[in-house]
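Everything below concerns the one structure shown next.
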Amino acid sequence: MSQSFAVGRAAARPAAGEPHASVAALDPRRKLQLALAVLWLLDGILQYQPSMFTRAFPQMLGSTAHGNPALVAAPITWSAGFIGHHLAVANGLFATTQVALGLGIAWRPAVRLALAASVGWAAAVWWLGEGLGGVLAGTASPVGGAPGAVILYAVLAVLLWPADRDGPFVAARAVGRGPALAAWLAVWGSIAVFALLPASRAPQGLSGMISGMASGEPNWLAWLDTRLAVALTHQGLLASAVLAAVFTIVAAGVFLPARLGRAVLVLAVVVAVALWLAQGLGGIFTGAGTDPSSAPLLALLALSYWPRSLA
């Protein structure tokens, strides 16, 4: 019987007497935790941008209420209004919190506390800051960052939780192989579904999203996104079907034999890079981006499922 890519042996850990071990000697999970910390720090730095201290920020937050059920939309509207009346203090608190989460995850003694806090923070921001990623509003799209970048921070915090359980890949060490595979299927399977929603499959759906991100980007990225948007003009249905098929392959890759499983994980990283370009790198160079979008987190997620060396 062929082994699935989720079967392997434990990786060597740094010796207890080597507190100053090099990055290369770090446990794979610790490397992924540090990558997650860097993304939180980037979020915090972006939140300190001057544009975030203007009325444009609470207006952007309030816009995520559109199309959501009243039970979801009402707290978003209230929160945006509150932030608008206390803009400097609220935004400064948001930015500082995200920087603190990044530093906490990077500092070993605080990693558990910071990961736990990041789950709660991510859940709150996913609701009040991203409108649940547009999932209930029918506007969720992979190119738009669905299911929402911030909820992926929470997923990764759980999967990268420091636990002593052994596992065939890093993501299984905290929750076990079964729940980890379920999380993979949930993330990539939902993205496949979002690719087929009207927001993506409309004739100008994907084209309009991508072209709308070109404003304020560096010339090379704006040129790339503009050309891609032109190529997808009136091709929304075909493009969304292709995307859905690719995401489905990635989602199902956990059931493949080891070598094919690795190939699927490579595909997942390549898809994440392509998505990031289509997302305009999350607008991080425009002065208005609040995070690097979902693609870097999807790539980090794929790396957390990389199988350990077979015996």
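The values are calculated or read from the model by the stated rules, or taken from the named source; none is laboratory data. Keep in mind the model is a prediction, meaning the values are calculated, not measured. Here the Cβ is made from the backbone with ideal geometry for all residues, glycine too, and neighbour counts use every protein chain on show.
Using the structure shown, decide if Ala116 is assigned to a helix (DSSP H, G or I), surrounded by fewer than 17 Cβ atoms within 10 Å (Cβ to Cβ), without any contact (Cβ under 8 Å) to a residue 24 or more places away in the chain and small (Gly, Ala, Ser). It is false that Ala116 is assigned to a helix (DSSP H, G or I), surrounded by fewer than 17 Cβ atoms within 10 Å (Cβ to Cβ), without any contact (Cβ under 8 Å) to a residue 24 or more places away in the chain and small (Gly, Ala, Ser).
Selection within the range 119-142: residues that are part of a loop (DSSP other than H, G, I, E, B) and in contact (Cβ under 8 Å) with a residue 60 or more places away in the chain. The member of this set that is farthest from Gln204 (Cα to Cα) is Gly129.
Listed here are the helices (runs of 4 or more DSSP H) enclosed by the range 27-87 that have at least 3 residues being buried (at least 20 other Cβ atoms within 10 Å of the Cβ) and basic (Lys, Arg), and there are none. Scanning the range 132-162 for residues that are small (Gly, Ala, Ser) and farther than 19 Å from Gln98 by Cβ yields Gly134, Ala137, Gly138, Ala140, Ser141, Gly144, Ala146. Against the list (1) touching a residue at least 24 places away in the same chain (Cβ under 8 Å); (2) more than 13 Å from the chain's Cα centre (by Cα), the condition Val175 fails is (1).
Among the residues of this structure, Gly17 counts as one that is at pLDDT below 95, surrounded by fewer than 20 Cβ atoms within 10 Å (Cβ to Cβ), over 22 Å from the mean Cα position of the chain (by Cα) and farther than 27 Å from Leu156 by Cβ.
Taking (1) more than 21 Å from Gln59 (Cβ to Cβ); (2) in a helix (DSSP H, G or I) in turn, Pro147 satisfies each apart from (2).
The condition of being within 23 Å of Thr286 (Cα to Cα) and crowded, with 18+ Cβ neighbours inside 10 Å does not hold for Leu197. Applying the criterion of at least 2 residues that are among the acidic types (Asp, Glu) and crowded, with 20+ Cβ neighbours inside 10 Å to the helices (runs of 4 or more DSSP H) found wholly in the range 212-285 leaves an empty list.
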